[in-house]
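Visitor: Structure below; questions to follow.
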Amino acid sequence: MRKIIKNGTLVNENKTYQAHIIIEDQLIVDIIPGKLNEADFQGAEIIDADGQFVIPGVIDDQVHFREPGLTHKGDITEGSRAAAAGGVTSFMDMPNVIPPTTTLKLLKEKQEIAREHACVNYSFYLGATSDNLNEIRQADPYTTCGIKVFMGSSTGNMLVERVETLEKIFAESPLLVATHCEDTPIINRNLAFYKKKYGEEIPPSCHPLIRSREACFKSSSLAFELASKHNTRLHILHLSTQDELSLLEKARNIGKNITGEVCVHHLWFNDFAYKKKGNWVKWNPAIKTEDDRKALLQAVNTGLISVIATDHAPHAPEEKSGNYLKAASGGPMVQHSLPVMLELMEKGEITLETIVNRMCHAPADLYRIDKRGYIRKGYKADLCLFKKEEWTVRKENILYKCGWSPLEGTPLSYKIQTTIVNGTVVYHKGQFNDSVRGELLRFNP
């Protein structure tokens with residue numbers, strides 16, 4: 001029941017230092033710099049982290065694990081295993097499945113699926129619709145990560161466009177409101193223009209022009225206005241433009257609880273990727289210019305953007321290939337998010353301490369997760385160990401059910417060695433402990 005992670009290089013709370021971590025049952029009970037006494041070793045399982053970095057487990061606040069109803073793309077078993085292999089110890093899953101998670105009953109059913117099948121910790125968003133305000137009012141703030149509002153094109157009846165309905169959601173939600181912000185009328189207008197120009201053969205490079213920066217900014221501005229008016233805890237997901245950063249600056253200046261997230265693909269790719277990868281880098285919101293990528297990364301480095309996540313959204317290969325108009329938007333990323341960010345560190349674009357802040361500490365703080373996200377005494381032992389080891393993303397080492405990654409062929413400099421969830425090793429050098437199950441995340445509202 002006692003574990004010692006010895007000789008690791010801890011990266012935690014803006015400090016990097018050598019120390020040993022003592023774990024008993026599920027908890028971190030001590031953090032000891034220097035030498036260990038022989039008595040500390042008695043009866044303990046030793047994990048030698050010499051030459052490795054030890055960080056809190058990554059908390060991904062936006063994944064689509066596709067269960068129930070879309071399990072040909074992915075599922076909670078497969079998604080959580082890929083997460084563990086990527087150093088992710090907790091995920092928050094989106095409601096656009098079949099049926100959409102728009103009632104408390106369906107939310108409970110997803111929690112039960114995860115309780116049986118997720119090898120890392122989990123929570124689920126309740127999806128907003130035009131007519132489920134009563135469900136939103138009754139959502140449990142201790143077990144539900146947030147209310148997801150699609151303020152743009154979406155699945156089924158989950159597009160909420162009427163300002164009157166949005167007003168009520170923003171005013172009455174007992175939880176954080178997380179938004180997908182793209183303005184549908186602008187997108188439709190742009191799509192009509194490019195259909196007229198290209199017919200049915202629109203090139204994928206038009207995607208950021210159809211789902212344009214104007215569409216993003218208009219919708220994000222509306223979310224900002226509503227949250228400011230009603231003092232809503234607003235989290236704007238997957239920011240993709242430099243323009244939207246002005247909203248976060250304004251919120252900070254006027255003291256509103258409005259935060260932003262950026263996804264790994266918006267920090268790694270720019271719009272030149274469409275020429276080489278086509279629909280395989282088609283996401284909503286779209287990947288935009290190199291200037292946008294740099295501005296988003298700068299906002300991460302300064303703390304203007306709080307959280308780095310994935311928007312992990314797998315599709316079967318046949319759903320991504322072929323005609324742009326028919327190709328699905330989204331791609332898998334949860335296995336590779338931390339290694340990609342470490343590659344940006346290797347390039348000198350971000351520090352390791354900032355990565356840990358935005359991928360581990362900030363999600364825990366923003367969502368008010370109970371006793372996770374830090375290496376602290378009394379906190380759950382959710383940890384990731386990695387080291388410098390060159391490898392390349394190839395089909396044979398991809399763990400996604402969909403079987404592909406937009407990163408195929410990409411060389412990376414760091415590799416996840418061990419992932420620990422609630423004090424138990426769930427992943428170690430390519431092997432999984434299939435007996436491990438994660439826990440439902442708890443929040444402090």
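The values are calculated or read from the model by the stated rules, or taken from the named source; none is laboratory data. Note that this is a predicted model, so its numbers are computed, not measured. Cβ: placed from backbone, ideal geometry, glycine included. Neighbour counts: every protein chain shown. Protein only, heavy atoms only, side chains kept; ligands, DNA and RNA dropped before computing areas. Shrake-Rupley method; radii C 1.70, N 1.55, O 1.52, S 1.80 Å.
Visitor: For the chain, calculate the relative contact order in percent as a whole number, restricting contacts to Cα pairs under 8 Å that are 6 or more residues apart.
Guide: In percent, rounded to a whole number, it is 21.
Visitor: What does the charge count around Ala309 come to, taking other residues whose C-beta lies under 15 Å from its C-beta (Lys +1, Arg +1, Asp -1, Glu -1)?
Guide: Values: positive: Lys148, Arg358; negative: Asp60, Asp61, Asp93, Glu261, Asp311, Asp365.
Net charge around Ala309: -4.
Visitor: How high is the relative contact order of the range 119-222? Use alpha-carbon pairs under 8 Å, at least six apart in sequence, and give a whole percent.
Guide: In percent, rounded to a whole number, it is 25.
Visitor: Roll a 1.4 Å probe over the protein heavy atoms and report the accessible area of Lys229 in Å², nearest 10.
Guide: Its accessible surface works out to 130 Å², give or take rounding.
Visitor: Got a number for carbon plus sulfur as a percent of the chain's accessible area, 1.4 Å probe?
Guide: Values: 8210 of 17050 Å².
C and S atoms contribute 48 percent here.
Visitor: Right, next: Post the alpha-carbon centroid distance, the range 272-328 to the range 356-403, in whole angstrom.
Guide: For the range 272-328 versus the range 356-403, the Cα centre distance is 21 Å.
Visitor: Also: I'd like the accessible area for Thr102, computed on protein heavy atoms only with a 1.4 Å probe and all protein chains in place. Round to 10 Å², please.
Guide: Roughly 20 Å² of Thr102 is accessible to a 1.4 Å probe.
Visitor: Only four residue types carry charge here, +1 at the Cβ of Lys and Arg and -1 at the Cβ of Asp and Glu. Report the dipole size of the range 189-333 about the Cα centre in Debye, rounded to the nearest 20.
Guide: Charge dipole of the range 189-333: 240 debye, to the nearest 20.
Visitor: Can you list the lysines whose alpha carbon sits under 29 Å from that of Lys250, skipping same-chain ones fewer than 8 residues off?
Guide: Lys148, Lys168, Lys218, Lys229, Lys288, Lys294
Visitor: Separate question: As I understand it, the value is the acute angle between the Cα axis of helix 184-198 and the longest principal axis of the Cα atoms of the chain; what does it come to in degrees, rounded to 10?
Guide: 70
Visitor: For the chain, give the magnitude of the charge dipole about the Cα centre (Cβ charges: +1 Lys/Arg, -1 Asp/Glu; no others), in debye to the nearest 20. Walk me through the intermediate numbers first.
Guide: Values: 54 positive and 55 negative charges, 106 e Å.
Roughly 500 debye for the chain.
Visitor: If you roll a 1.4 Å probe over the heavy atoms of the protein chains, what accessible area per residue do you get for the range 1-45, in Å²?
Guide: On a per-residue basis, the range 1-45 sits at 56 Å².
Visitor: Enumerate by residue number the trypsin sites (Lys or Arg not before Pro) in the range 318-395 meeting two conditions: DSSP loop (anything except H, G, I, E, B), and at most 10 other Cβ atoms within 10 Å of the site's Cβ.
Guide: On the way: sites: Lys320, Lys326, Lys347, Arg358, Arg368, Lys371, Arg372, Arg376, Lys377, Lys380, Lys387, Lys388, Arg394, Lys395; in loops: Lys326, Lys347, Arg368, Lys371, Arg372, Arg376, Lys377, Arg394.
Here the sparse-neighbourhood loop sites are Lys347.
Visitor: With a 1.4 Å probe and all protein chains left in place, how much accessible area per residue does the range 207-351 have, in Å²?
Guide: 34
Visitor: Ignoring ligands and nucleic acids, what accessible area does His428 show with a 1.4 Å probe (Å², nearest 10)?
Guide: Estimated to the nearest 10 Å², His428 gives 80 Å².
Visitor: Can you tell me the relative contact order of the range 230-271? Whole percent, Cα pairs under 8 Å, sequence separation 6 or more.
Guide: It rounds to 51 percent for the range 230-271.
Visitor: Considering only the chain, what is the antiparallel percent among its DSSP beta bridges, to the nearest 5?
Guide: Looking only at bridges with both residues in the chain, the antiparallel portion is about 50 percent.
Visitor: Going Cα to Cα from Lys320, which lysines come in below 17 Å? Please leave out same-chain ones fewer than 8 positions away.
Guide: Within reach: Lys73, Lys275, Lys276, Lys277, Lys282, Lys395, Lys401.
Visitor: To test your reading of the geometry: what angle, between 0 and 90 degrees and rounded to tens, separates the Cα axis of helix 76-85 from the longest principal axis of the chain?
Guide: Computed tilt is about 60 degrees.
Visitor: With the convex hull built on the Cα atoms of the range 1-50, state its orientation-averaged projected area in nm². Mind showing how you got there, number by number?
Guide: Details: hull surface 13.7 nm².
The directionally averaged projection comes out at 3.4 nm².
Visitor: Ignoring ligands, DNA and RNA, what accessible area per residue does the range 85-174 give at 1.4 Å, in Å²?
Guide: Accessible surface, normalised per residue, equals 36 Å².
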